[in-house]
Amino acid sequence: MLVNKKYVKRHAKGFVYLHWINAVCFFMLFLTALPLYADSCKGLYDIFGAKTLQNAHRFFAVLFVLNPVIGLITAREGIWRMFSEVLKFNSKDITFLVKFPLELIGKHPAGIPKQGFYNGGERMNIALQLATWGVLVGSGALLWFGEGIIDNSIRAWMIPLHSLCAGIGFAGSIGHIYLALIANPDSVHGMQDGTVKVDYANAHHGEWMDDLVKEGKIKQQELKEALKG
Ligand code: HEM
């Protein structure tokens, strides 16, 4: 069923909250650790104090871990979909990824296959963010609690590993934000009230829309009218 004849439900409210809490935690973790890496950011120590930044880093780390755990209750469907979609990588995704770069510079390349709920690029983002989340949490936990539990020579490796994952996750999230805010601004509505415009959904996730029609969740006629209007 469409919302206001023009929008289709895409994300549950619980998943929207999970996404934004994760995004805030990620950037706060990045920001509170930045003076350790960049001299130009040492001013943050003068403003907040090193101890405050360390405590803030630990506070957001706990939230970063608890958020998806709570999400298993409040956003189960969205989390399950992310896991199941990431395993569905197929040949259509390859065609999508070959053609897609032109979209980044405002072109609309012909021959992009219809995409499901998540497209090939989103699946790669999900895989990247899940992997970096796991390694950041694992290496961070060993840095925080590992003293006396694991050998110090192993623990020392957790610092470059933690840093590498933070860098990769950050680079990925900048690309993701560019795609969301600049390349596909209509997608952001889905991360506000959970709905997206039907014409956006049909153009970017045509296979998902076909499935909704097949499952009887949207009537062919109301889809036609929404696309006309
Ligand atoms: C200003 C910041 C951000 C904006 C505007 C934004 C926007 C969005 C939007 C619109 C979607 C839904 C896409 C769809 O329905 O197809 C989404 C999904 C997602 N976001 Fe973000 N996001 C931001 C920050 C982040 C950060 C920092 C992370 C991770 C550290 C992240 C991870 C994800 C993941 C894993 C998904 C699901 C897959 C995907 O669409 O790529 N987001 N985001």
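The values are calculated or read from the model by the stated rules, or taken from the named source; none is laboratory data. No experiment lies behind these values; they were computed from the predicted model shown. Don't worry about glycine lacking a Cβ; one is built from the backbone with ideal geometry, like all the others, and counts go over all protein chains shown. Side chains included, ligands, DNA and RNA excluded: accessible areas come from the protein's heavy atoms. Shrake-Rupley method; radii C 1.70, N 1.55, O 1.52, S 1.80 Å.
Against the list (1) open to solvent by 30 Å² or more (accessible area, probe 1.4 Å); (2) within 16 Å of the ligand (Cβ to nearest atom); (3) modelled with pLDDT of 95 or more, the condition residue 89 fails is (3).
Of all residues in the stretch 17-41, those that are on the phi < 0 side of the Ramachandran plot have Cβ atoms under 8 Å from Cβ atoms of residues that are open to solvent by 60 Å² or more (accessible area, probe 1.4 Å) and at pLDDT below 95, 6 or more apart or on another chain, in 35/42; 35/45. Being closer than 19 Å to residue 19 by Cβ, under 23 Å from the mean Cα position of the chain (by Cα), β-branched (Val, Ile, Thr) and open to solvent by 60 Å² or more (accessible area, probe 1.4 Å) is a description that applies to residue 174. Helices (runs of 4 or more DSSP H) fully within the stretch 134-229 that include at least 2 residues being closer than 30 Å to residue 4 by Cα and within 16 Å of the ligand (Cβ to nearest atom): 152-178, 198-204, 206-214. For the residues 50, 75, 56, the requirement of being surrounded by 12 or more Cβ atoms within 10 Å (Cβ to Cβ) and in contact with a Leu (Cβ under 6 Å, 6 or more places away or on another chain) singles out 75. Of all residues in the stretch 98-124, none that is free of Cβ contacts under 8 Å to residues at least 12 places away in the same chain and closer than 21 Å to residue 209 by Cα has its Cβ atom under 6 Å from the Cβ atom of a residue that is among the small types (Gly, Ala, Ser) and more than 13 Å from the ligand (Cβ to nearest atom), 6 or more apart or on another chain. Quick check: is even one residue across the stretch 183-193 farther than 19 Å from residue 121 by Cα, in contact with a helix residue (DSSP H, G or I) (Cβ under 8 Å, 6 or more places away or on another chain) and open to solvent by less than 30 Å² (accessible area, probe 1.4 Å)? Within the stretch 183-193, none of the residues are farther than 19 Å from residue 121 by Cα, in contact with a helix residue (DSSP H, G or I) (Cβ under 8 Å, 6 or more places away or on another chain) and open to solvent by less than 30 Å² (accessible area, probe 1.4 Å). The single condition from (1) at pLDDT 90 or above; (2) within 15 Å of the ligand (Cβ to nearest atom); (3) open to solvent by 70 Å² or more (accessible area, probe 1.4 Å) that residue 126 fails is (3). You will find that of 42, 107, 114, the residue that is surrounded by 14 or more Cβ atoms within 10 Å (Cβ to Cβ) and at pLDDT below 95 is 114 and no other.
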